[in-house]
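The values are calculated or read from the model by the stated rules, or taken from the named source; none is laboratory data. Keep in mind it's a predicted model, so treat the numbers as computed, not measured. Cβ atoms come from the backbone with ideal geometry, glycine included; neighbour counts cover every protein chain shown. Note: accessible area is taken over every heavy atom of the protein model, side chains too, but ligands, DNA and RNA are not part of it. Shrake-Rupley method; radii C 1.70, N 1.55, O 1.52, S 1.80 Å.
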Amino acid sequence: MEGRLANAWRLTVNDKKFIKNALQSEIRIDGRKPYEYRKIAIKFGRQVLASFINLPIFVFSSTQNREDGSSEVQLGQTRVMGIVTAQLVQPYRDRPKEGILSIFTEFSPMADPSFETGRPGELAVELGRTIDRGLRESRAVDTESLCILAGKFVWAIRIDLHILDNGGNLVDAANIAALAALLTFRRPECSLGGEDGQEVIVHPPEIREPLSLMVHHLPIAITFGFFSDESILVLDPTHNEEAVMGGRMTTTVNANGDICAIQKAGGEGVPQRVIMQCLQLATSKAEAITKQIKEAVEVYNTERALRKIKRHPTSKGKQGQSID
């Protein structure tokens, strides 16, 4: 509930009373209906990096196209940027044939004055864990396909989520940004060589086309806000509504209706009938959001193919980078 407490001071008593009274009449201050989602806009590649390419916080490997694996999502007044990178690492001992997926969040004071630089706050930790749980427990990303040499080399996929503007409901916007970045990310192709066949060769994109990640399904996070002792339910709460609401619940589902994760943050308990209602609403919204993400990714892939420069032949000594 850190986000709620951080911005609650900005609203006057009259503002809070107005929001609550309007919700009792099924009217929201931005004109939406209780179960209506804000408009989603998704950008990729050049559109995203044009404004941020000179910032030192983004690190790309020499074998990665800077345009691949970058996304920016705008949900109403909320904006989140997602960057996906990868590097070869040694796998965990208990999972020698699986790659690694990790999520990091960056909350900047430029997005919200209540955010502080340095150590991640409660909201940042909660956001990262919610998205991580939806991806990891549903096994949306095929981590076994990230294995190059069992027990020695696997790909570690890192998702960096940067909050650019806080207009409310950061979890949903950040989740979409993470999924969009994963779908457009491409890792370098590798092969095994050397005398013993244990030498990993990483091929640059000029030699071999990078490979997309294997994503089985898209776990979509849908957040609900509860007001007046859980009796009033709204979808996709705004920044001001978060300062007034008494509780929040995020349900992560895919387009097939499979429940990937549920997180209830703060407030009193929610009756079973309300939870079932939220799941039904979430499944419907997840289908629409999944369709929008896939359509946006398809457009990006088409534009990427058109911009693709014909590769020139190179000498045998420049076929790739070897890793022992």
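Can Q74 be described as modelled with pLDDT of 95 or more and outside any loop (DSSP other than H, G, I, E, B)? So Q74 fits the description; yes. The residues in segment 145-169 that are open to solvent by 10 Å² or more (accessible area, probe 1.4 Å) and closer than 16 Å to G128 by Cα can be counted, and the count is 5.
Within this structure, V125 passes the test of being on the phi < 0 side of the Ramachandran plot, surrounded by fewer than 18 Cβ atoms within 10 Å (Cβ to Cβ) and among the hydrophobic types (A, V, I, L, M, F, W, C).
Residue-by-condition table, conditions (1) of a type in the set (D, E, K, R); (2) more than 17 Å from R38 (Cα to Cα); (3) free of Cβ contacts under 8 Å to residues at least 40 places away in the same chain:
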position: S228; (1), (2), (3): no, yes, no
position: S231; (1), (2), (3): no, yes, yes
position: H239; (1), (2), (3): no, no, no
position: G247; (1), (2), (3): no, yes, yes
position: N254; (1), (2), (3): no, yes, no
position: A261; (1), (2), (3): no, yes, no
position: L279; (1), (2), (3): no, yes, yes
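In the set (1) open to solvent by 30 Å² or more (accessible area, probe 1.4 Å); (2) in contact with a strand residue (DSSP E or B) (Cβ under 7 Å, 6 or more places away or on another chain); (3) in a loop (DSSP other than H, G, I, E, B); (4) within 28 Å of V200 (Cα to Cα), the condition left unmet by R93 is number (2).
This table checks each residue for (1) at pLDDT below 75; (2) farther than 22 Å from K294 by Cα; (3) surrounded by 13 or more Cβ atoms within 10 Å (Cβ to Cβ).
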{"site": "K17", "(1), (2), (3)": "no, yes, no"}
{"site": "N21", "(1), (2), (3)": "no, yes, no"}
{"site": "S25", "(1), (2), (3)": "no, yes, no"}
{"site": "G31", "(1), (2), (3)": "no, yes, no"}
{"site": "I42", "(1), (2), (3)": "no, no, yes"}
{"site": "Q47", "(1), (2), (3)": "yes, no, yes"}
{"site": "A50", "(1), (2), (3)": "yes, yes, no"}
{"site": "F58", "(1), (2), (3)": "yes, yes, yes"}
{"site": "S62", "(1), (2), (3)": "yes, yes, no"}
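Within this structure, E106 passes the test of being modelled with pLDDT under 90, in contact with a strand residue (DSSP E or B) (Cβ under 6 Å, 6 or more places away or on another chain) and assigned to a strand (DSSP E or B). In the set (1) open to solvent by 30 Å² or more (accessible area, probe 1.4 Å); (2) within 23 Å of the chain's Cα centre (by Cα); (3) not basic (K, R), G134 fails one condition alone, (1).
What tally of residues in segment 183-213 results from selecting those that are within 27 Å of A296 (Cβ to Cβ), of a type in the set (D, E, K, R) and in contact with a Ser or Thr (Cβ under 6 Å, 6 or more places away or on another chain)? Counting residues in segment 183-213 that are within 27 Å of A296 (Cβ to Cβ), of a type in the set (D, E, K, R) and in contact with a Ser or Thr (Cβ under 6 Å, 6 or more places away or on another chain) gives 1.
Here L192 does not fit the description of being open to solvent by 30 Å² or more (accessible area, probe 1.4 Å), in a helix (DSSP H, G or I) and touching a residue at least 24 places away in the same chain (Cβ under 8 Å). Applying a threshold of 6 Å to beta carbon distances and a minimum spacing of six or more residues, or different chains, the list of pairs starting in segment 104-125 at a residue that is over 26 Å from A156 (Cβ atoms) and ending at one that is at pLDDT 75 or above and among the β-branched types (V, I, T) reads A111/I163. Taken over segment 209-221, the criterion of being open to solvent by 10 Å² or more (accessible area, probe 1.4 Å) and not in a loop (DSSP other than H, G, I, E, B) is satisfied by L211, S212, V215. Filtered by the rule that a residue be farther than 28 Å from F18 by Cβ and either basic (K, R) or touching a helix residue (DSSP H, G or I) at 6+ places or on another chain (Cβ under 8 Å) (or both), segment 263-300 gives Q263, R273, I289, K291, I293, K294, A296, V297, Y300. If you check S228, S284 for being on the phi > 0 side of the Ramachandran plot and of a type in the set (G, A, S), only one passes: S228.
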